[in-house]
Amino acid sequence: MTDPSFAFTLLFAVLLLMGLLTKFYLATRQVRHVAQHRNQVPAAFASTISLPSHQKAADYTIAKTRLGMLEMAYGAALLLGWTLLGGIDLLNQALLRSSLADFGALVPQLALLAAFGLISGLLDLPFTLYKTFRLEERFGFNKITMKLWLADLVKSTAVGAIVGLPVVALILWLMGSAGTLWWLWAWVVWMGFNLLALVLFPTVIAPMFNKFKPLDDEALKARVTALMQRCGFAAKGLFVMDGSRRSAHANAYFTGFGAAKRVVFYDTLLQQLSPAEVDAVLAHELGHFKHKHIIKRIGLMFAMSLAGFALLGWLSTQVWFYTGLGVRPSLSGGNDALALLLFLVVVPLFSFFISPLMAQSSRKHEFEADAYAISQTDGRDLQSALLKLYKDNASTLTPDPVFVKFYYSHPPASERLGRMISLPESAPA
């Protein structure tokens, strides 16, 4: 009879290798396809995108993809080190033998999760720094200084500790005290935390990192307000965020939940788009609300997290789950943090292969939001806005089709603009 621990180790290793090979295959396809089309602008964009802009987008995409390949290999090596080569077990045993155990069983468990998070963050720093200060700098996107980057790092670490540790501590307490259905109560806590974060993020957390000021362009404000009223959407306010302090990339988004909803424009977006184009981009975002995409995503998150907590509830009682990943569980109990940590590092291996389904659903939502925007504004404004954003963000116009189906949450430019052209326009006067 096969040892369940060995069988799980084998499954883990196979999934890790298959996932890595699949990612490398997709990445090499992307690099090759973009490079092959680097020297010619697609005919549909020849009149709006210059060859130098097209080549910059190709070079940026290739550089990001190649860096991503190195990051994938590095991440796989770290995962092996943490699991089968004994990294998590070594860290756990050291904390159990430390004086932290004198403060009760919960403290060393919480310390394990905190230490793993800090060490993982430090190990990821080389790629984070290179990506920000070399790659983004090379293509003219990085605007952040080292001083501001360090300030962001300190603040994000502090916020993570202040907000995250109490929630994790409560979940660990439930795992040890709430009986066999602890996972259901933990899921309720986790969902409550996520909903609370949607309310608090725009008013408490985001202002710690960026400056938000009310939109002071009266003509644009009147135009945007009229659009929202026409679409039956109410927001707490219209704000401009100083995105240019960190990056030249442009964006706009809705944030918050319920009465705390607000519309946020990057200052870079307002610099690049005309008022009519801003209107069209906002109408696209309103389309997500009109089609209830946000509610659907929250509902999916609820369902998937419930399934995840239920699975964790079962796995946490199986010795082979620990030993199959190179960890020695305590025979006297107190393995809750180990179970939670192992689950979090292993789940991405299993979920990776369903990511194309999630990406396909997201692309479908983007098409629906585009159609709504064209029904509320002039479709030509949305097309020109998207072309400017593709150009200014150096998004490639020629991605590999297979790579797109696996990863892209937004349709590529050719598909997106082609779909728009075929849609009837009913823009208001």
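Taken together, the values in this text are just the output of simple stated rules run on the coordinates, not laboratory data. Fair warning: this is a prediction, and the values are worked out from it, not measured in the lab. Ideal geometry is used to build each Cβ from the backbone, glycine not excepted, and the neighbour counts take in all protein chains shown.
For this structure, a couple of remarks:
- Axis angle, to the nearest 10 degrees, between helix 275-290 and the longest C-alpha principal axis of the chain: 40 degrees.
- Euclidean distance between Cα centres, region 93-141 to region 20-69, Å: 33
- Viscosity 1.002 mPa s, 20 °C: Kirkwood-radius Stokes-Einstein D of region 234-337 over Cα pairs, µm²/s: 121
- Computed over the alpha-carbon pairs of region 202-276, the distance histogram in 10 Å steps reads 18, 54, 27, 2 percent, short to long.
- In this label model, residue 18 and residue 353 are separated by 0.3 nm, measuring between points 7 Å along each Cα→Cβ vector.
- Angle of helix 218-230 to the longest C-alpha principal axis of the chain, folded into 0 to 90 degrees and rounded to 10: 70°.
- P(r) weight above 32 Å for the chain, C-alpha pairs, percent: 47
- For the options 339, 94, 371, a Gaussian network treatment of the chain with springs between C-alpha atoms closer than 10 Å singles out 94 as fluctuating the most.
- Between 0 and 90°, nearest 10: helix 379-392 axis offset from the chain longest Cα axis: 60
- The orientation-averaged shadow of the Cα convex hull for region 13-146, equal to a quarter of the hull surface, comes to 11.8 nm².
- Cα gyration tensor category, rounded, prolate or oblate, for region 200-239 with a/c compared to 1.5: oblate
- GNM remark for the chain: springs join alpha carbons under 10 Å apart, and the peak mean-square fluctuation among 331, 21, 282 falls on 331.
- By DSSP, the beta bridges lying fully in the chain are antiparallel in about 65 percent of cases.
- The slack in the chain from residue 233 to residue 163, taken as 0.36 nm per residue of separation less the alpha-carbon distance, amounts to 22.1 nm.
- Derived from the Cα gyration tensor, the three semi-axes of the equivalent ellipsoid of region 119-207 are 35, 16, 11 Å, largest first.
- Our helix-only sum for the chain, with -39,500 (n - 2.57) per DSSP H run of n ≥ 4 divided by its residues, gives a mean residue ellipticity at 222 nm of -21500 deg cm²/dmol.
- Kirkwood-Stokes translational diffusion coefficient of region 283-388, alpha-carbon pairs, 25 °C, 0.890 mPa s, µm²/s: 144
- Gaussian network model of the chain, Cα within-10 Å springs - most flexible of 366, 218, 285: 218
- Violating pairs (Cα-Cα greater than 18 angstrom) within the set 155/236; 211/292; 236/296; 213/236: 155/236; 211/292; 236/296
- Couplings 3J(HN,Hα) for region 125-141, derived from phi with the Karplus relation 6.51 cos²θ - 1.76 cosθ + 1.60 (θ = phi - 60°), are 4, x, 5, 4, 5, 4, 4, 6, 9, 10, 5, 5, 5, 4, 9, x, 9 Hz, where x marks Gly and Pro.
- Here residue 56 is the anchor, and the lysines within straight C-alpha reach of less than 19 Å, apart from those fewer than 8 places off in the same chain, are 64, 131, 143, 388, 391.
- Normalised size of region 158-206, defined as Cα radius of gyration per 2.2 N^0.38 Å with N residues, equals 1.27.
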